[in-house]
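Q: Mind looking over this structure? Questions follow.
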Amino acid sequence: MSVTTTRRGLLRGAVAGLSAAALAPALAACGSVAGSVSSSAGKVRFWHLFQGGDGALMRRMLAKVRADVPGLDPEDTVLDWGAAYYTKLAMASAGGRAPDLAIMHLSRLAGYAPGGLLDPWDTALLEEFGVPQARINPRVRALGRFEKQPYAIPFDTHPFVVFYDRTVMDKAGLLDSDGRLLPPESPAHFLEMAERLRERKGKLGPIMGLFNDTAQAWRMFWGLYSQTGGAFDLSGRKPGVDRDKMVEVVEFFQKVAVDSRSMDYPAGVAAFTTGQSPFIFSGEWELPTFQGAKFDLGASPMPTLFGSPASYADSHSFVLPHQDNADEGRRRAAHQLVAELLKGSMTWAQAGHIPAYLPVVGSKAYAKLDPQSSYAPAAEHPAIDPPAWFTGAGSDFQARMCSALQQGMRGADSAKGTVAEMLSGLDFFLSKPNPA
């Protein structure tokens, strides 16, 4: 490929990232690693979006790497997450100012790898540093490939799950002898289970914080719709979907959301932590907040209600932003840093995320993490956004789907009307040229 063509591809990719943004939108390290790096080659400029509790854990993991691996010196830069992060990442790659390493939601890969904004990983080098591909969750690892090349190395899976008050759920007869949620036999059976919770005087049934949020309603819908096995193909000029199954899921969603019709995200979290409701649909990333509540906290993957297990999920993944002339030493150091972080991801599990590094998830220490180990099976059935240049975490696509769904959940639109509005949104995005 000529330099001219390469530059054109990069510019196209940059426009892709910008357009998507505009439209929307750590087991301690297992011993020493093979081959330390020289002080001059050990620098790794690392962009990520981890703040709050996640940020504190990442800082602790990076500090351990610096202490354990002489010469390896990650320099991390924390950027605000969302469309702005992905715009900056695209521009840095296109403009020759790319960091050596970055975090990307796996759901955004389709907007970056095809545009030439990322470089593929050297899996042999990762194996040299102790991380063969077979030790990484195969479900999310497979989704990190483009044209048979590995462009994203998953660090975790962070799914939409359910949290509950074990004491209240047990009194309602909804837990098994091990304190785990009894599996509903059908959507109707789940609604019966919800009604048992409402029999507590003045209390709510299952809830979720849906309103004034640009992702939660889509996460709920996408997880349930994925359980149906219905098509959701965004590769053509018209969406290839199963409208009847979409309507079926929205009708069920409306019945489940009856206690959440005016509940925004913070109100949902507050209603659960204060005991107004004993059951909430939420992301596992809220675990640190819920662990502060004064009740016996339980958790489970999303119940299977429409045939096949699936939970909305995404994955914080490591990517190599494109560099025209990547420094071999720094690129080697980036591979070594990622290997160290994967092996040390028991620390990361404390935040609630499910590590992608299988030896950690299979360890005795992880099995003792409660309730993380209870919902870990959700990583076996991740429903990541349908691949398209405009989809993914922080995208305008998710926001528009949520806008339509919120109308339906509020009772302002029928299930059929809600689905029609969602399809109108899909038509809008598919009518736009892919800038890449």
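Q: With the dipole of region 198-262 worked out from charges on the C-beta (+1 for Lys and Arg, -1 for Asp and Glu) around the Cα centre, which of 224, 208, 247 lies farthest toward the positive end?
A: 208
Q: Now for a different question. Taking the alpha-carbon distance from residue 43 and a cut-off under 16 Å, which aspartates and glutamates remain once sequence neighbours fewer than 8 residues away in the same chain are dropped?
A: Partners found: 68, 73, 75, 76, 100, 327, 328, 340.
Q: Here's something else I'd like to know. When ligands, DNA and RNA are left out and all protein chains stay put, how many square angstrom of accessible area per residue does the chain have with a 1.4 Å probe?
A: 40
Q: On a straight-distance basis, which lysines could pair with residue 368 in a cross-link, Cα separation under 28 angstrom, same-chain partners fewer than 8 positions away excluded?
A: Straight-distance partners of residue 368: 64, 171, 294, 343.
Q: Can you show me the helix-derived [θ] at 222 nm for the chain, built from DSSP H runs with n ≥ 4 at -39,500 (n - 2.57) apiece and divided by the number of residues, rounded to the nearest 500. Walk me through the numbers on the way to the answer.
A: On the way: 18 runs with 184 residues, N = 436.
Calculated mean residue ellipticity at 222 nm is -12500 deg cm²/dmol.
Q: What share of the DSSP beta bridges in the chain is antiparallel, in percent to the nearest 5?
A: Working: 28 of 40 bridges.
Of those bridges, close to 70 percent are antiparallel.
Q: Just the accessible area for residue 327, please: 1.4 Å probe, Å², rounded to the nearest 10?
A: Accessible area, nearest 10 Å²: 80 Å².
Q: Additional query: Quick one: dipole size for the chain, taken about the Cα centre, charges +1 on Lys/Arg Cβ and -1 on Asp/Glu Cβ, in debye to the nearest 20.
A: 440
Q: Then there's this: Counting alpha carbon pairs within less than 8 Å and at least 6 residues apart, what relative contact order, in whole percent, applies to region 134-282?
A: Value for region 134-282: 31 percent.
Q: Continuing with the same structure: Can you list the lysines whose alpha carbon is less than 20 Å from that of residue 432, not counting same-chain residues fewer than 8 positions off?
A: 238
Q: First check a/c for region 123-162, with a ≥ b ≥ c the square roots of the eigenvalues of its C-alpha gyration tensor; if it is under 1.5, answer rounded, and if not, answer prolate when a/b is larger than b/c or oblate otherwise.
A: Details: a/c = 2.95, a/b = 1.54, b/c = 1.91.
Here region 123-162 falls in the oblate category.
Q: Treating the beta-carbon of each Lys and Arg as +1 and of each Asp and Glu as -1, no other charges, what is the dipole magnitude of region 40-139 about its Cα centre, to the nearest 20 debye?
A: About 240 debye.
Q: Using a 1.4 Å probe over the heavy atoms of the protein chains, calculate the carbon and sulfur portion of the accessible area of region 67-107 as a whole percent.
A: Within region 67-107, the accessible surface is 53 percent carbon and sulfur.
Q: Measure out, as a whole number of angstrom, how far apart the alpha-carbon centroids of region 334-366 and region 305-328 sit.
A: 15
Q: Also, quick follow-up: Let me check something: with ligands and nucleic acids excluded, how do 343, 201, 432, 368 order by accessible area (1.4 Å probe), largest to smallest?
A: Order by accessible area, largest first: 201, 368, 432, 343.
The values are calculated or read from the model by the stated rules, or taken from the named source; none is laboratory data. Computed from a predicted structure; not experimentally measured. Here Cβ is always computed from backbone atoms with ideal geometry, including for glycine, and neighbour counts include all displayed protein chains. Note: accessible area is taken over every heavy atom of the protein model, side chains too, but ligands, DNA and RNA are not part of it. Shrake-Rupley method; radii C 1.70, N 1.55, O 1.52, S 1.80 Å.
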